[in-house]
Amino acid sequence: MKRVYNFAAGPSMLPLTVLEKVQQELLSYQDSGMSVMELSHRSGLYTEVIRGAEQLLRDLMNIPENYKVLFIQGGASQQFAMIPMNLLVKSGKADFVNTGSWSKKAIKEAKKFGEVRVIATSEDENFTYIPKVDSTMIDPEADYVHITTNNTIEGTAFRDFPDTGNVPLVADMSSNILSEEIDVSKFALIYAGAQKNIGPAGLTVVIIREDLIGHAEETCPTMLDYKTHSESGSLYNTPPTFAIYMAKLVFDWLSDHGGIKAMQKVNEEKARVLYNYIDGSKFFSSPVRKDSRSIMNIPFVIPNRELDTAFVKQAQAKGLETLKGHRSVGGMRASIYNAMPLEGVQALVDFMREFEEEHI
Ligand code: PMP
């Protein structure tokens with residue numbers, strides 16, 4: 001069986017042991033004679049899965065009691081609308097930090113529901129850094145402040161989170177949730193599409209402080225109201241049962257490997273190995289400012305853009321998959337989420353060294 005190192009931005013690699021467990025349990029989950037895919041979402045066996053997944057995530061992220069964990073569909077993109085529908089309801093004003101393509105999409109959607117102000121942006125330098133945000137920039141009346149903690153396309157990440165005082169801080173953590181320790185209590189709402197560090201696509205995780213639930217307008221569609229999902233334990237309708245089951249296995253895997261603290265160490269080491277090589281190279285370079293670098297998504301470029309295609313193709317022949325950069329940045333991008341082992345990054349660096357020697 002051939003397995004490759006998959007550097008895709010998402011869907012991306014899953015831990016092999018998780019996939020093996022899925023394979024082993026696929027036809028008959030816990031002697032039920034049924035696959036998890038065939039189990040009723042209201043059955044006792046499935047209740048253990050969904051509540052187990054929630055508890056594991058609570059333990060891993062140290063989520064305080066006064067937060068709800070919701071398993072929703074529609075991707076992080078649906079949250080771009082659900083958040084303003086539920087939160088942009090008091091002053092009707094929200095402050096956004098614009099750090100790239102995904103922030104822009106969130107801003108565009110929120111504008112449909114209220115008054116949106118961009119309080120800081122790095123668009124002047126093609127989103128290659130994280131702009132400074134201090135509390136004086138924030139409208140104390142704003143219903144919330146929105147940030148994208150890790151910018152999947154541009155390869156930047158917030159190292160310190162802005163202090164928003166009493167204004168709720170909302171964060172799109174799609175591409176760095178579970179990759180490093182964070183203090184959940186600093187945020188009012190955290191959301192993430194599953195297909196990077198959590199599990200397969202089709203599931204979106206929302207971690208929301210309870211006091212923010214229940215304020216949507218009467219006209220808010222039932223499925224877009226956080227209250228619906230909160231009151232039903234994410235079982236108002238049929239949830240993405242198999243994706244939640246796989247997320248639970250990924251959370252188990254994380255717990256078995258020392259939790260987020262241990263994962264963060266490995267992630268930092270992986271990013272260090274790759275960035276050390278790029279920064280020391282006379283051929284490859286990083287478009288991202290040093291103080292703003294993501295440890296999950298690492299873009300890099302070479303002087304002769306015409307060699308991009310050759311790089312990606314030759315890497316693929318060596319089992320290093322999906323290294324083509326996003327069209328807005330060009331060059332290459334290595335997404336090295338939790339499931340990418342250090343050996344995968346080392347294999348990439350070995351190949352980059354060979355390629356550099358061949359073309360410099
Ligand atoms: N936000 C970020 C930071 C992302 O990386 C992505 C997807 N790559 C999205 C939002 C959109 O997520 P989805 O495809 O789940 O809607």
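Does A76 satisfy the condition of being touching a Gly at 6+ places or on another chain (Cβ under 6 Å), within 16 Å of the ligand (Cβ to nearest atom) and either among the small types (G, A, S) or touching a residue at least 12 places away in the same chain (Cβ under 8 Å) (or both)?
Yes; evaluated as a whole, the condition is true for this residue.
Taking the range 184-228 as the region of interest, how many residues are among the acidic types (D, E), surrounded by fewer than 19 Cβ atoms within 10 Å (Cβ to Cβ) and touching a residue at least 60 places away in the same chain (Cβ under 8 Å)?
The qualifying residues number 3.
Those residues that are over 11 Å from A142 (Cα atoms), touching a helix residue (DSSP H, G or I) at 6+ places or on another chain (Cβ under 8 Å) and not charged (D, E, K, R), I need them from the range 166-176; list them, please.
Correct list: V170, S174.
Of all residues in the range 169-205 being aliphatic (A, V, I, L, M), more than 19 Å from A94 (Cα to Cα) and assigned to a strand (DSSP E or B), which is farthest from the ligand (Cβ to nearest atom)? It would help to see each step written out before you state the result.
Taking the range 169-205 and keeping what is aliphatic (A, V, I, L, M), we get 169-171, 173, 177-178, 182, 184, 188-190, 192, 194, 198, 201, 203, 205.
Of the ones still in play, those that are also more than 19 Å from A94 (Cα to Cα) are 177-178, 182, 184, 192, 194, 198, 201, 203, 205.
With the extra rule that they be assigned to a strand (DSSP E or B), the set shrinks to 192, 205.
Values: A192: 8, V205: 11 Å.
Only one residue tops the list, namely V205.
So which helices (runs of 4 or more DSSP H) stay within the range 248-360 end to end and still have 3 or more residues that are under 21 Å from the mean Cα position of the chain (by Cα), surrounded by 17 or more Cβ atoms within 10 Å (Cβ to Cβ) and touching a residue at least 40 places away in the same chain (Cβ under 8 Å)? Don't jump to the end; show me each part of the working.
Values: elements: 259-280, 308-317, 342-359.
In the range 248-360, 259-280 are the helices (runs of 4 or more DSSP H) which contain 3 or more residues that are under 21 Å from the mean Cα position of the chain (by Cα), surrounded by 17 or more Cβ atoms within 10 Å (Cβ to Cβ) and touching a residue at least 40 places away in the same chain (Cβ under 8 Å).
Tally up the residues in the range 86-120 that are outside any loop (DSSP other than H, G, I, E, B) and within 16 Å of the ligand (Cβ to nearest atom), please.
So the count comes out to 13.
Report, ordered by the first and then the second residue, all pairs with beta carbons closer than 6 Å, sequence separation of six or more or different chains, a first member in the range 151-165 that is in contact (Cβ under 8 Å) with a residue 12 or more places away in the chain and charged (D, E, K, R), and a second member that is near the ligand (Cβ under 10 Å from one of its atoms) and assigned to a loop (DSSP other than H, G, I, E, B).
Qualifying pairs under 6 Å: E154/G100.
Conditions tested, residue by residue: (1) of a type in the set (A, V, I, L, M); (2) at pLDDT below 95; (3) more than 20 Å from F300 (Cα to Cα).
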residue	(1), (2), (3)
I138	yes, no, yes
E141	no, no, yes
G155	no, no, no
T164	no, no, yes
L189	yes, no, yes
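If you go through the range 127-148 one residue at a time, do you hit one that is assigned to a loop (DSSP other than H, G, I, E, B), under 20 Å from R58 (Cβ atoms) and in the same structural domain as I72 (by TED's automatic domain parsing)?
No: the range 127-148 contains no residue that is assigned to a loop (DSSP other than H, G, I, E, B), under 20 Å from R58 (Cβ atoms) and in the same structural domain as I72 (by TED's automatic domain parsing).
The values are calculated or read from the model by the stated rules, or taken from the named source; none is laboratory data. These numbers were taken from a predicted model, which means no experiment stands behind them. Backbone-built Cβ (ideal geometry, glycine too); neighbour counts: all protein chains shown.
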